[in-house]
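The values are calculated or read from the model by the stated rules, or taken from the named source; none is laboratory data. Keep in mind that what you see is a predicted model, and the values were worked out from it rather than measured. Here the Cβ positions follow ideal geometry from the backbone for every residue, glycine too, while neighbour counts run over all protein chains shown. These area figures cover heavy atoms from the full protein model, side chains too; ligands, DNA and RNA do not enter into them. Shrake-Rupley method; radii C 1.70, N 1.55, O 1.52, S 1.80 Å.
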Amino acid sequence: MPAGPDKIVLHPLVLLSVVDHYNRVAKDTKKRVVGVLLGELYKGQIDVTNSFALPFEEDDHDPSIWFLDHSYLEQMYKMFKKVNAREKIVGWYSTGPKLRESDLDINELMRGFCDSPVLVICEVQPKEVGLPFTAYYAVDEVRTDGTEKAKKVFNSLPTEVGQTEAEEIGVEHLLRDVKDATLSSLAGDVSSKLMALKGLQGRLSEISEYLQLVLDGKLPPNHDVVNIVQEIFNLLPNMNVESLSKSLAVKSNDMMHVIYVASLVRSILALHKLIDNKEGRLWTEKEAAKKEKEKAEEKAKKEAKEKEEKEKADAKAKADGKADDKDGKK
């Protein structure tokens, strides 16, 4: 059996494709969607750069009953191979949100298209802070006492998000479109810090819970995990050193001061723009009133002139009528 990968790197296009697949097929339902992951394996690292959806159905009551159209898979893979021959089938994805009993059977089916398929479960509606996906790799588990035969189980794999320069530019433009323009930069910074602290709190709680279970004897100690936890503690700064705590405080205060000044400048510019808009509106209203007054005066002059001309015409006609009467009497 070939050795499994060491790390999975998912690109933004894959995550967007999975969310689009879910929104089109299973939104507002309890169903999950399944698709194929395409990418490359290099030195133990799998770069998942593309994906496509698969027709998939399963029985809600009996997890052993499911259908996956592998003939559609073969046709789609042939077409993708014509576009980019470097992208191979590296595994499959599911919107879980957790592992299910039929996943091992589906993984065995995918083994016919690649030697070591990986399973990536994407949470399209994450409830916790952190990366919304987890990766798994099927391995043979053999009991040391030999009481049971070997069976397949899923082991988790380290995951991260990677992107090329072109993908990074595309994601930045996409975030500009979905970004809430009503939030200031200061509010955005505070919100990001809050989300980061919540994520850190969740990870520390997991570490504390694991260590407590090991102390209680409910879980066997894992030396790899204990070594990683020890490395984390070794990397923590010694806050008892006065010079270090003072330098961190000074740096933090400087950053907060710059952010505060920038927020004040932005508020002043906004007020200045508001005053300019108000003055412009008042000037426009004055100009409109002035034009209306000029039009009214011009109209009044025109009416007075027409009235005067009419009176002159009536007087002239009356005078001409009297002259005609005198000539008739003669």
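Structure data summary
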| read-out | value |
| --- | --- |
| Any hit, the stretch 46-59, residues being under 30 Å from residue 201 (Cβ atoms), among the aliphatic types (A, V, I, L, M) and open to solvent by less than 10 Å² (accessible area, probe 1.4 Å) | yes |
| Given (1) over 20 Å from residue 47 (Cβ atoms); (2) open to solvent by less than 80 Å² (accessible area, probe 1.4 Å); (3) out of contact with any strand residue (DSSP E or B) (no Cβ under 7 Å at 6 or more places or on another chain), index of the condition residue 102 fails | (3) |
| Residue match in the stretch 42-59 (condition: modelled with pLDDT under 90 and touching a Pro at 6+ places or on another chain (Cβ under 9 Å)) | yes |
| Qualifying residue in the stretch 285-304 (condition: within 40 Å of the chain's Cα centre (by Cα), farther than 25 Å from residue 191 by Cβ and part of a helix (DSSP H, G or I)) | no |
| Selection from the stretch 253-273 of residues that are hydroxyl-bearing (Ser, Thr, Tyr) and open to solvent by less than 80 Å² (accessible area, probe 1.4 Å) | 263, 267 |
| Residues of the stretch 9-40 classified as assigned to a strand (DSSP E or B) and in contact with a Cys (Cβ under 9 Å, 6 or more places away or on another chain), total | 1 |
| Failed criterion for residue 14 (all others in (1) open to solvent by 60 Å² or more (accessible area, probe 1.4 Å); (2) under 18 Å from residue 94 (Cβ atoms) hold) | (1) |
| Check on residue 106, assigned to a helix (DSSP H, G or I) and at pLDDT 85 or above | yes |
| Residue list for the stretch 240-252, filter: open to solvent by 100 Å² or more (accessible area, probe 1.4 Å) and within 26 Å of residue 191 (Cα to Cα) | 246, 251 |
| Close pairs from the stretch 71-96: first more than 17 Å from residue 17 (Cα to Cα) and in a loop (DSSP other than H, G, I, E, B), partner open to solvent by 80 Å² or more (accessible area, probe 1.4 Å) and not hydrophobic (A, V, I, L, M, F, W, C), Cβ under 7 Å, at least 6 apart | none |
| Residue list for the stretch 228-239, restricted to those being part of a helix (DSSP H, G or I) and open to solvent by 90 Å² or more (accessible area, probe 1.4 Å) | 228, 230, 231, 233, 234, 235 |
| Residue satisfying all of: in the stretch 60-70; outside any helix (DSSP H, G or I) and closer than 24 Å to residue 13 by Cα; most open to solvent (accessible area, probe 1.4 Å) among these | 69 |
| Flag for residue 25 being among the hydrophobic types (A, V, I, L, M, F, W, C) and open to solvent by less than 40 Å² (accessible area, probe 1.4 Å) | no |
